[in-house]
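Before any comments, here is the structure.
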Amino acid sequence: MANETLTITDNRTRLTYTLPITDGNIRSMDLRQIKKDASDFGVMGYDPAFMNTASCRSAITFIDGDKGILRYRGYPIEELAESCTFLQVAYLLLNGELPTDNQLHDWEDSVRHHTMLHETSKQFLEGFHHDAHPMSMFISTVAALATVYPDSRNIHDAAARRLNMTRLIAKVPTIAAYCYRHSLGYPYVYPDNELSYAENFMNMLWRMVEPKFRANPVMARALDILFILHADHEQNCSANVMRSVGSSQADPYSSTAAAAAALSGPLHGGANEEVLKMLDEIGSKDNVPAYVKKVKDGEVKLMGFGHRIYKNYDPRARIIKWTADQVFAVTGRNPKLDIALELEKIALEDEYFVKRKLYPNVDFYSGIIYQAMGFKPDVFTVLFAIPRTVGWLAQWEEMLTDPEQKIARPRQVYTGYAERHLTTEQKSTPQSATANR
Ligand code: SDX
């Protein structure tokens with residue numbers, strides 16, 4: 001075995017330090033011993049946006065950005081999307097193994113029996129203006145569920161933890177559907193426990209006066225695949241928030257609401273909505289070259305392109321493109337796809353994007369499918385949050401059960417004033433201050 005150590009010479013003191021390398025990395029805390037003198041705090045790693053910092057050890061999701069690889073608990077995303085249902089994959093992410101038939105039956109049954117929302121949640125939703133953004137309603141309503149389930153604060157009780165995790169996974173489609181119905185002024189549709197996870201979501205979204213909702217099987221399967229693709233993505237921005245908020249031992253509803261708030265940003269999960277706005281702004285294939293020039297001039301970002309980890313094609317984007325063909329066979333082709341394909345074609349041939357390794361990410365094509373399925377763009381990020389709730393909860397529980405983890409509290413490099421004191425005229429006793437009023 002090679003000598004798994006790193007030897008560092010501090011040229012300020014000529015001292016050398018030998019740090020152990022574990023799994024190819026050093027512990028940042030091992031840098032603290034490197035001091036210029038006894039009064040020195042010691043060396044830290046300065047890493048804005050955590051470009052090269054591992055915050056945890058995790059066994060849930062593996063990504064190889066250069067090779068365009070994504071695996072959940074070791075299984076390639078392509079195999080899971082092709083052969084599994086979303087609830088099977090949810091079970092895998094949470095438990096580390098795919099469920100047996102009996103385990104799947106019990107898991108599906110458990111989720112089905114937690115899809116209802118407490119009636120106060122409906123009153124809570126009624127407080128929103130009709131044109132409130134669905135993501136803001138979603139975030140708020142998830143947080144409000146903590147008031148319904150005070151037992152969720154028992155985060156060290158494994159049974160209570162799992163019960164509230166199941167409640168969240170079961171209820172986020174209901175919350176999403178209720179937000180959607182509220183924005184249209186439609187009555188809420190209660191869950192139908194005879195339907196699958198995706199079919200029940202469609203039922204709560206779109207059932208009107210028919211006695212039983214019948215989901216189009218192609219659309220239901222497409223939604224299930226999209227849920228699988230969005231379920232987890234290791235330490236992305238929102239997962240980092242889930243772990244950070246959860247590390248203070250906040251309840252899972254508050255932590256999930258915080259993670260959803262992070263996801264809502266246009267650089268993260270909000271990108272799918274921005275992609276549709278961008279395609280609308282471009283308007284036609286003929287306008288694509290002019291828009292690409294605006295991107296290259298730094299005026300706008302090409303939404304749905306680029307990724308912190310993937311420096312090759314996002315494997316999810318490839319599967320989504322395949323899924324789009326299935327949906328368009330039912331709904332008719334979304335003309336925006338032609339603009340998106342032209343945009344991708346030009347970008348992949350242009351030095352600006354090639355040099356920066358900018359490829360379509362998961363958000364580039366998903367919105368085009370969602371729109372063809374009948375969703376409005378402002379609901380797209382809610383559609384991302386539903387399946388990602390599983391990933392957030394898997395990351396959250398892994399953090400809570402990791403003996404190395406404690407409350408997250410980064411350090412800083414201070415760049416402000418050295419100590420200074422109030423001047424005589426700044427000093428004023430409270431009575432003199434009021435005397436001047
Ligand atoms: C998701 O982390 C995850 O795993 C997230 C996610 C998940 O499943 O959780 O995969 C989901 O959030 C996907 C990303 C969705 N966001 C977008 O599509 C928004 C557009 N993309 C960019 O904002 C950007 O690519 C990020 C935010 C995704 C990544 O940003 P980075 O890694 O911080 O890269 P950067 O901003 O430092 O960019 C490097 C260079 C810069 O150019 P220079 O300053 O070197 O000249 O690439 C350029 C950037 O200007 N660049 C882009 C670009 N993305 C990066 N230029 C034009 N269009 C873009 N989209």
task = Keeping every protein chain in place, order ARG333, ARG112, ARG420 by accessible area at 1.4 Å, biggest value first, i.e. largest first.
result = ARG420, ARG333, ARG112
remark   = Carbon plus sulfur, as percent of the 1.4 Å-probe accessible area of region 240-294, comes to 52 percent
query = Excluding same-chain residues fewer than 8 positions from LYS122, which lysines have a Cα within less than 30 Å of its Cα?
reply = LYS171, LYS212, LYS376
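From largest accessible area down, sort LEU358, LEU422; use a 1.4 Å probe on the protein chains.
If we order LEU358, LEU422 from most to least accessible, we get LEU422, LEU358.
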THR120 accessible area, 1.4 Å probe, all protein chains in place, Å² to nearest 10 = 60 Å²
ask   = Can you give the accessible area of CYS56 in Å² (nearest 10), computed on protein heavy atoms with a 1.4 Å probe?
value = 30 Å²
query = Once amide H atoms are placed 1.01 Å from N in the peptide plane, what residues at a sequence separation of 5 or more from LEU6, or on another chain, have their amide H within under 5 Å of its amide H?
reply = LEU19, ILE21
task = Determine the per residue accessible area of the chain with all protein chains present and a 1.4 angstrom probe, expressed in square angstrom.
result = 51 Å²
remark   = Simple SL model, points at 7 angstrom along Cα→Cβ for GLN405 and LYS296; separation in nm is 4.5 nm
task = Quick one: grab Rg to one decimal and Dmax as a whole number for region 57-409, Cα atoms only, in Å.
result = 19.7, 59
message = Given the DSSP H assignment, sum -39500 (n - 2.57) over each helix run of at least 4 residues in the chain and divide by its residue total; what's the result at 222 nm in deg cm²/dmol, nearest 500?
response = -15500 deg cm²/dmol
request  = Between PHE62 and ASN312, with labels modelled 7 Å along Cα→Cβ, what's the label distance in nm to one decimal, could you check?
outcome  = 1.4 nm
request  = Starting from the Cα-Cα distance between GLU281 and ASP101, subtract it from 0.36 nm times their residue separation and give me the gain in nm to one decimal.
outcome  = 60.0 nm
query = How many nm separate the modelled label positions at SER83 and ASP37, each set 7 Å beyond the Cα in the direction of the Cβ?
reply = 6.6 nm
request  = Give the shape of region 208-348 as rounded, prolate or oblate, defined through the alpha-carbon gyration tensor: a ≥ b ≥ c are the square roots of its eigenvalues, a/c under 1.5 means rounded, and otherwise the shape is prolate if a/b is larger than b/c and oblate if not.
outcome  = oblate
request  = At a 1.4 Å probe radius, which order do SER244, SER428, SER238 fall into by accessible area, largest first?
outcome  = SER428, SER244, SER238
key: Relative packing of peptides 385-396, 42-53 - highest average C-beta neighbours within 10 Å first   = 385-396, 42-53
message = Could you tell me the relative contact order of region 57-409? Use alpha-carbon pairs under 8 Å, at least six residues apart, and round to a whole percent.
response = 24 percent
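Determine the shape class of region 98-256: with a ≥ b ≥ c the square roots of the Cα gyration tensor eigenvalues, call it rounded for a/c under 1.5, and otherwise prolate if a/b is greater than b/c, oblate otherwise.
Since a/c reaches 1.5 but b/c is at least a/b, the shape of region 98-256 is classed as oblate.
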query = Of LYS67/LYS345; LYS406/LYS427; LYS336/LYS357, which pairs sit farther than 30 Å apart, going by alpha carbon to alpha carbon?
reply = LYS406/LYS427
key: Loop-located GluC sites (Glu not before Pro) in region 257-355, at most 13 other Cβ atoms within 10 Å (DSSP)   = GLU299
ask   = Can you list the HN-Hα couplings for region 266-282, worked out from phi with the Karplus curve (6.51, -1.76, 1.60; θ = phi - 60°), rounded to whole Hz and with x for Gly and Pro?
value = x, 7, 10, x, x, 5, 5, 5, 5, 4, 5, 4, 5, 5, 5, 5, 5
remark   = Using alpha-carbon positions, the gyration tensor of region 5-46 gives root eigenvalues a ≥ b ≥ c; with a/c under 1.5 called rounded, otherwise prolate if a/b exceeds b/c, else oblate, the class is oblate
task = For an R0 of 51 angstrom, estimate the FRET efficiency from the Cβ-Cβ distance between THR9 and LEU184 and round to the nearest 0.05.
result = 0.15
ask   = Between region 157-222 and region 1-53, how many Å separate their Cα centres?
value = 51 Å
remark   = Expressed in angstrom and rounded, the centroid-to-centroid distance over alpha carbons for region 307-386 and region 103-129 is 30 Å
remark   = Under the Karplus relation with 6.51, -1.76 and 1.60 and θ = phi - 60°, whole-Hz ³J(HN,Hα) for region 49-62, x at Gly and Pro, equal 6, 6, 5, 9, 10, 8, 8, 6, 9, 9, 10, 7, 10, 10
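The values are calculated or read from the model by the stated rules, or taken from the named source; none is laboratory data. Predicted model, so just to flag it, every value in this text is computed and none were measured. A quick note on method: Cβ atoms are made from the backbone with ideal geometry, for glycine too, and the neighbour counts reach across all protein chains shown. Heavy atoms of the whole protein, side chains included, go into the accessibility calculation; ligands, DNA and RNA do not. Shrake-Rupley method; radii C 1.70, N 1.55, O 1.52, S 1.80 Å.
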